[in-house]
1. Tally the residues that are under 19 Å from A:GLU196 (Cα atoms) and open to solvent by less than 40 Å² (accessible area, probe 1.4 Å), restricting the search to region A:213-229.
2. Going by the structure shown, is A:ALA6 more than 7 Å from every other protein chain (Cβ to nearest Cβ), in a strand (DSSP E or B) and not β-branched (Val, Ile, Thr)?
3. Among the numbered conditions (1) part of a helix (DSSP H, G or I); (2) in contact with a Ser or Thr (Cβ under 8 Å, 6 or more places away or on another chain); (3) farther than 24 Å from B:SER112 by Cβ, tell me where A:ASP98 comes up short.
4. Can you name the residue in region B:40-49 that is buried (at least 23 other Cβ atoms within 10 Å of the Cβ) and out of contact with any Leu (no Cβ under 7 Å at 6 or more places or on another chain) and, of all such residues, is nearest to A:ILE132 (Cα to Cα)?
5. Taking region B:90-112 as the region of interest, how many residues are open to solvent by 10 Å² or more (accessible area, probe 1.4 Å), more than 7 Å from every other protein chain (Cβ to nearest Cβ) and acidic (Asp, Glu)?
There are 2 protein chains.
Amino acid sequence: MNDTIALLKNHRTIRRFTDEPVPDGNIREAVAAGQMASTSSAVQAYSILRVRDDIKRRKIAELCGPQDKVAECPAFFVVCADSRRHRLAAERDGFDYDQRLEAFLVGVIDASLFAEKMAIALESMGYGICYIGGLRNCLSDVDAVLGTPEGVYPLFGLCVGRPDEEPSRRPRLPVDAVLMEETYDSDDRVLAKLDEYDATYRAYLADRGAPSEDGWSQRMAQKYPTPSRPDLAAFYAGKGADLR
Amino acid sequence: MNDTIALLKNHRTIRRFTDEPVPDGNIREAVAAGQMASTSSAVQAYSILRVRDDIKRRKIAELCGPQDKVAECPAFFVVCADSRRHRLAAERDGFDYDQRLEAFLVGVIDASLFAEKMAIALESMGYGICYIGGLRNCLSDVDAVLGTPEGVYPLFGLCVGRPDEEPSRRPRLPVDAVLMEETYDSDDRVLAKLDEYDATYRAYLADRGAPSEDGWSQRMAQKYPTPSRPDLAAFYAGKGADLR
């Protein structure tokens, strides 16, 4: 295993940070590294907004859960899919802009590839990170704080700072449950792999002092009976995304 | 700049590969590293399908463009957002599964974070990679070749192998065009940043022996007048995604 892979495999979500600030130079270096992620036909359909203002941070923290780390972490960002540059260029040059799900999807993929590469750059400097999917809990209200214009779609938050905890590594699905050969696995094989993982997951929970009869798959089974964040499509449509 | 950041910044898309095979052990190591990417509430809503069969590879290569590298690269994969494990667990345990855009979005984000981390692991071993967004050109036809079941959403392809070319690095948007402070930039500032980038981009094109009066923003302006891949939403809906 080379050093980079050791770093990649050592990731864990950090939720408690020291007060040490993250110098702007390190952030710019991480963003520049993130930007070298692949991007569909070079469209670079993303932006990242740094939020410093205390009052805004506290409002967003409240809307995300509440999640205090959003207000308290040394550096907080919002990662956005972004078609605005394309729209402004089209308007400037007199072309129409008429896109559907594909353009939104490219933005989400581009933004995520960028964010993960940026996160790895930060981890290589010894920082810890935590993505904040809870940003989408009340996204209209969060966006009222951010004030993003049409064509900019906030996706998730990102907390960054020096780790002030050393959490254990949460085990992932077996490689064979995720990497498939030639065809997608049969239902029986999927479920057998989940049994295998559930045993690992229960051991992990017990090890953390939170033993449970439910493994991973029991938790997932109970997670989806009613739509999560049902206003999301309407929110993005309101920001100019055509999801047809 | 540390060694990891040097690697991250050195990325370029590789489209020509040597014949050297990619050993399964290296692929599994890269997948395992990729799986350590963050995942929303540990849902791990993705899978990666390796396609080896020559006939399938040639069909998919044709549908993607044609793009010969899809048939000819040493290892070809299809990255999928995947809700199937969750659905099967729910069915097994007697729970409903009723989700909308949020669950699809989580799958796309999770799959992209995973893929980028896997790609970086492969690059750290000296492999080159190329994502294949062209997979979505005729996704129904591609999926007929793959035969993925309901709840599995193919997103993009991934070619991997030893580089047989050393392409120049395509310049990205200025950091200040992507990283914004507190609020999204004014239209004037966005357009001024695009002017700056267009100059860089024209110099890059000239340097590659393909000089053009169009910079990046002129290309983007002309790219979006009619919907790209307009069948995509219907395809994903047909696979069980509710995009409302």
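1. Going through region A:213-229 one residue at a time, the tally reaches 6.
2. Values: more than 7 Å from every other protein chain (Cβ to nearest Cβ): yes; in a strand (DSSP E or B): no; not β-branched (Val, Ile, Thr): yes.
It is false that A:ALA6 is more than 7 Å from every other protein chain (Cβ to nearest Cβ), in a strand (DSSP E or B) and not β-branched (Val, Ile, Thr).
3. (1)
4. B:ALA45
5. 1
Each row is one residue, and each column tells you yes or no for (1) facing another protein chain (nearest Cβ under 8 Å); (2) over 30 Å from A:GLY133 (Cα atoms); (3) open to solvent by 10 Å² or more (accessible area, probe 1.4 Å); (4) modelled with pLDDT of 95 or more.
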position: B:ASP19; (1), (2), (3), (4): no, yes, yes, yes
position: B:ALA32; (1), (2), (3), (4): yes, no, yes, yes
position: B:VAL51; (1), (2), (3), (4): yes, yes, no, yes
position: B:ASP54; (1), (2), (3), (4): no, yes, yes, yes
position: B:PRO66; (1), (2), (3), (4): no, yes, yes, yes
position: B:GLU72; (1), (2), (3), (4): no, yes, yes, yes
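The values are calculated or read from the model by the stated rules, or taken from the named source; none is laboratory data. Note that the structure is a prediction, hence the values are computed from the model and not measured. Cβ atoms come from the backbone with ideal geometry, glycine included; neighbour counts cover every protein chain shown. Only protein heavy atoms, including side chains, enter the accessible area calculation; ligands, DNA and RNA are left aside. Shrake-Rupley method; radii C 1.70, N 1.55, O 1.52, S 1.80 Å.
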